[in-house]
Each structure stands twice: as structure tokens, then as C-alpha cells.
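Contents: one structure, followed by commentary.
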Amino acid sequence: MTRSNLIGGEMLNWSDLHPADARPAAAGAAAAALLAAVLQPTDSVLIAGPHAAELVLATAAQVTSTDLLVRSALDAEELAEQLQDTKGEIFCGSLDWFPDAPHTPQTGLGQREAQTGGVILPTPAGGPPQTGLGAGYDVIVALDGLGRLVGPDTAELPWGEALRRLTSRLRPGGRLLLGAENAFGFQRLIQPDITAALPRDEDWGRALTDQPPAGLKPLLNSLTETGPVQVLAVFPSLVQAEVAMGSVDGFAGAVAARAVASCNQGPVLTDPYRLVLDAADAGLALELAPAWYFVMGTEAPTTLPAGVVPSGEGMLLEEQLLAALKFDDQAALRRAIPAYVAWLAAGGAGSPDNVIVDGTSYRLFGEPQNLDVVEHLARFAKRALESGARQPWPAAADPHALTARLAAMAGITVPEPDFTPDEVVRPRGSAEQLTTVARLADELAHASARAILFEGTVSGIRRSRPYRVGHAVMNPARVIRRRLKRVLRKVRR
């Protein structure tokens, strides 16, 4: 039977599971896969911090006992009801009120009664309450990090001290699963941080020392003191962990780019997909990941969930086509487009961003896409224009024109639509828009220079003696010819 205990520092009118103006609890397929891979049936587990109810229930069903440490009294009551048939307890309060080691309950002191379960916990006057906990845990799970283990009543709890308090609860040989946000990750380059001007409800004043070390290397230096650490890059965020990978290169970079792009659909500073993909190619995606999982005391799979990253050699067809557009390699385009269209005709079902090309063979990157050939090419044309890629054809400035030109390379005629308003596809991010404006301005300047040169050449020809002689000879002949035509028309009437 799970019961809820108030230990001090709890937030009575607050919910991390159902926030009104705050970040949601930690969740995601990668988090669930990590817990499933690390936990064992005989484990005693402490889940510290806000985690989605689905993760908590899945953990409780997999291990022997599950204790929870949450700061929200409303969340504690809700989770206690859902965990009635499981072994464990819920401790509602701040981490600084959670003792480092078990204590024996004392008498003759102030009493605090839990809101659920009827548990009475003695509270020493002027000090943290005593909980009567067991000797420790086999696994401590803090995938949301350490920042939300305290409330506004805690004036200061340095990140290192919070980590020490948690690890002191581990049994010898225990395992720690810790999450941490990246203070300078892809999100800083994609979206401006509006909370600096418009703080959320949870952004109350905190000491600077409460923040985790900034950057992957300082975090690792703080954690390696406790033993070997395995690092997994988390995408797209710590509270929406869809994928987690030990290395972000090759096809893993494309998986990470898709995850980040999927949660940045509005206006952005730069194209999220291209940013992550380019960082992965440069070997910087792990350091710039939005968040990390740190696994200590055990070894987790390097890719979560399993099978999310395709295996084998090759590259995305979209990258091959964009490279050909960038360098104006029309010969490569005329080889790649017909081969791709032939693969589609043979039963393939994937747009260029979802197709891996390895020499002359093609295979799907993800799920099949039920589109016809022209729709597949139109999808690539739109993505190419959104990425701000250079187009070698001045007339292919809109999706339909670019699609028609690409389809013509495979012998396909794209009919003109009956009525379509002018469709303008702007580059995805502000950086790509500025780059496109600068490129178009440069191309316009070159075109203007060529026009001035042409006008100067024509003016020079007109001032030359051969031109004037020819004009003097030919001009009377033109006049006579026009008059003869006029006379002939009158005779015919």
C-alpha cells in the first residue's frame, strides 16, 4: 500500500503533473526505454522529482518497491491513489527536508499528519522532519534533474549538495539515473528565451549556485567523482525525451534533427533541422544537445528507444540533392532524379528526406509515405526552398516551378494548376531569410552590372562608323518598303 507523507517544504497549491504556467513533468519514449533497460525486478527505487504518471506506474510495475519524492501535495495525493496496490511511499516536500540517512522517530516533538494515509511524522523543533526510511535504494531516478526537488521555501540548495543528498541514499553498488538541461543547447540557437522578459510562475528567485554546471564537460567533472558515467544526448527536451543517443553522428544526427524540428513549428531564428544536422556533421551535436541523461553504476543501451536509428551505410537522398543544388551540379541531379523516380515506380514509398541512398540502392529511413511521384518531388521542392538552399534556375523560385523542372528530368510533365494563387515559400528561419536576401541582392547586383555592360556595348556599336553607314543605307530602303506595302493594300481593296 502506498501512502503519502508530508516531510516539509511541500507546495500545497501547485502541480508539476498538470502545470498551468510551468514546464510539464519529465516524460517521453526515451525515458521509458531507459527505465525498462536499467531496472530489475528485485530493485528498490526512489523516483525524485516530477515524472509523468506513466513513467511512475511503469516503474512500480517492474520493481519490488517504489518510493517517490515530490514537492507538490496535489501530485502526491494523485499518485498515491494510482499506486494503492504497489509497495512504497510518497514523500511530499523539498529535498533539503529529506534526511541523508535514516533516523529513529523521536517522541515529545511536534507532530505533522499526512494528508493521505493518516501517517504521522515527528518533526524536531527547528529542524528537518524524521522519516524512518530504510537503509537506501538500489536505483535513484531523477530524469527531470535536480532543479524541481525544492520549492520557494528553500532559500538555497547548491546543485552539488543536492546531488550529494541523493547519492547518499544509494546502497553500495546502486545506480543513479540523472537528467540535466543544457544551458547553451540547440534551443538557445533556435528560439529566444522569452522567460527573461516574461517569467513563468515557477521562475521564483533562486541562488545562482542552485543551477547545474553549464556545459557537458563541467557536468562530467562534477559527476565522475562518484564513478564512471555514461552520457546520453536527449532530444528534443528533458520533459519530452523522444530519443536519447550516446553518439549523434550519421543517421543518428538525422533522427535528432527530426525530433528537434518537430517541436519547433513556429517562427525560429534558424532552421532547426538544418542546424542539428550540420552540428552533427561537425561533431558538435552531443555538446549542443538540449539535455543529457547521465547513467552511473550500470550501462544503458546507447540508443533509446531501440531501433530508432537506421543501420547500414549510405546517406539521405535529400542531402545528396541539396548538395547538387548548392554547387549547381545539374549532371548529378539528372542522374539522381531518374534513378529515384525508377525506384518509386518499382514500389518505393518515400520522399527524399525519408530515403537512404547507398550507391545505386535505395531503402526507407522511416515509415512509408503513400504519395505519388509528383507529390514526393513537390515535398522535396518545398523543403529545399524552406531551407534557403540555392536554386540554379531563376525561373524555379516557387514550389510548382521547381517541382516541374525536377520532374522533367525524369520525363514527367507536371500540368499547370487551373487556379493557384502565387505561393511564396519563405526560408524556415530568420537566418536563412537574411542569407537568401543577401544572395538575391548579390545576384541582382551582378545582373544589373551585366545589363549596364550590355547597354554600353550597344551604345558603342551605334556610335561606330560601320553602324552609321549601314543605318544610312538601310533606312531609306525601309521607308520605301513600308510605302510599297501601303500602296499594295490600297490596290487590293
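Sort through G411, G350 and tell me the only one that's in contact with an Asp or Glu (Cβ under 9 Å, 6 or more places away or on another chain), in a loop (DSSP other than H, G, I, E, B) and modelled with pLDDT of 90 or more.
The match here is G350.
Determine if region 268-287 includes at least one residue that is out of contact with any Ser or Thr (no Cβ under 8 Å at 6 or more places or on another chain), over 20 Å from E319 (Cβ atoms) and either surrounded by 17 or more Cβ atoms within 10 Å (Cβ to Cβ) or among the aromatic types (F, W, Y) (or both).
Checked against the condition, which is being out of contact with any Ser or Thr (no Cβ under 8 Å at 6 or more places or on another chain), over 20 Å from E319 (Cβ atoms) and either surrounded by 17 or more Cβ atoms within 10 Å (Cβ to Cβ) or among the aromatic types (F, W, Y) (or both), region 268-287 yields no hits at all.
Of everything in region 28-53 that's assigned to a loop (DSSP other than H, G, I, E, B) and touching a residue at least 40 places away in the same chain (Cβ under 8 Å), which residue is surrounded by the fewest Cβ atoms within 10 Å (Cβ to Cβ)?
Result: T42.
May I ask you to verify whether L440 is within 30 Å of V260 (Cα to Cα), touching a residue at least 24 places away in the same chain (Cβ under 8 Å), surrounded by 10 or more Cβ atoms within 10 Å (Cβ to Cβ) and not assigned by TED's automatic domain parsing to the domain that holds G266?
No.
Determine the pairs where a residue that is in a strand (DSSP E or B), located within region 4-27, has a partner that is among the basic types (K, R) and at pLDDT 90 or above with Cβ atoms under 6 Å apart, the partner being 6 or more residues away or on another chain.
M11/R71
Filter region 311-345 for residues that are under 16 Å from L377 (Cα atoms), of a type in the set (D, E, K, R) and under 29 Å from the mean Cα position of the chain (by Cα) and give the result.
E318, E319 - these are the residues of region 311-345 that are under 16 Å from L377 (Cα atoms), of a type in the set (D, E, K, R) and under 29 Å from the mean Cα position of the chain (by Cα).
So which of A261, A279 ends up being in contact (Cβ under 8 Å) with a residue 24 or more places away in the chain, assigned by TED's automatic domain parsing to the domain that holds N182 and under 15 Å from the mean Cα position of the chain (by Cα)?
From the options A261, A279, the qualifying one is A279.
Does region 480-488 contain at least one residue that is at pLDDT 80 or above, farther than 30 Å from R390 by Cβ and touching a helix residue (DSSP H, G or I) at 6+ places or on another chain (Cβ under 6 Å)?
Within region 480-488 (the criterion being at pLDDT 80 or above, farther than 30 Å from R390 by Cβ and touching a helix residue (DSSP H, G or I) at 6+ places or on another chain (Cβ under 6 Å)), the answer is no, since none of the residues qualifies.
I'm told R405 meets every condition in (1) over 25 Å from V268 (Cβ atoms); (2) in contact (Cβ under 8 Å) with a residue 60 or more places away in the chain; (3) assigned to a helix (DSSP H, G or I); (4) of a type outside the set (F, W, Y) except one. Can you identify the failing condition by its number?
Checking R405 against (1) over 25 Å from V268 (Cβ atoms); (2) in contact (Cβ under 8 Å) with a residue 60 or more places away in the chain; (3) assigned to a helix (DSSP H, G or I); (4) of a type outside the set (F, W, Y), the one that fails is (2).
Being charged (D, E, K, R) and assigned to a loop (DSSP other than H, G, I, E, B) is the requirement here; does E225 meet it?
Judged against the criteria, E225 is not a match.
So, restricting to strands (runs of 3 or more DSSP E) that lie completely within region 92-205, which ones have at least 3 residues that are surrounded by fewer than 15 Cβ atoms within 10 Å (Cβ to Cβ), at pLDDT below 90 and in the same structural domain as A244 (by TED's automatic domain parsing)?
Correct list: 110-113.
What is the number of the single condition among (1) out of contact with any helix residue (DSSP H, G or I) (no Cβ under 8 Å at 6 or more places or on another chain); (2) modelled with pLDDT of 90 or more; (3) closer than 26 Å to P305 by Cβ that P218 does not meet?
(3)
Give region 463-473 a look and list any residue that's in a helix (DSSP H, G or I) and surrounded by 10 or more Cβ atoms within 10 Å (Cβ to Cβ), or say none.
Y467, R468, V469, G470, H471
Kindly establish whether F365 is aromatic (F, W, Y) and closer than 21 Å to V255 by Cα.
yes
State which residue is surrounded by the fewest Cβ atoms within 10 Å (Cβ to Cβ) when the search covers only region 64-89 and only residues that are within 33 Å of the chain's Cα centre (by Cα) and part of a strand (DSSP E or B).
D67
Would you say A256 is buried (at least 21 other Cβ atoms within 10 Å of the Cβ) and in a loop (DSSP other than H, G, I, E, B)?
no
The values are calculated or read from the model by the stated rules, or taken from the named source; none is laboratory data. The structure displayed is predicted, hence computed values, not measured ones. Neighbour counts run over all protein chains shown; Cβ positions are idealised from the backbone, glycine included.
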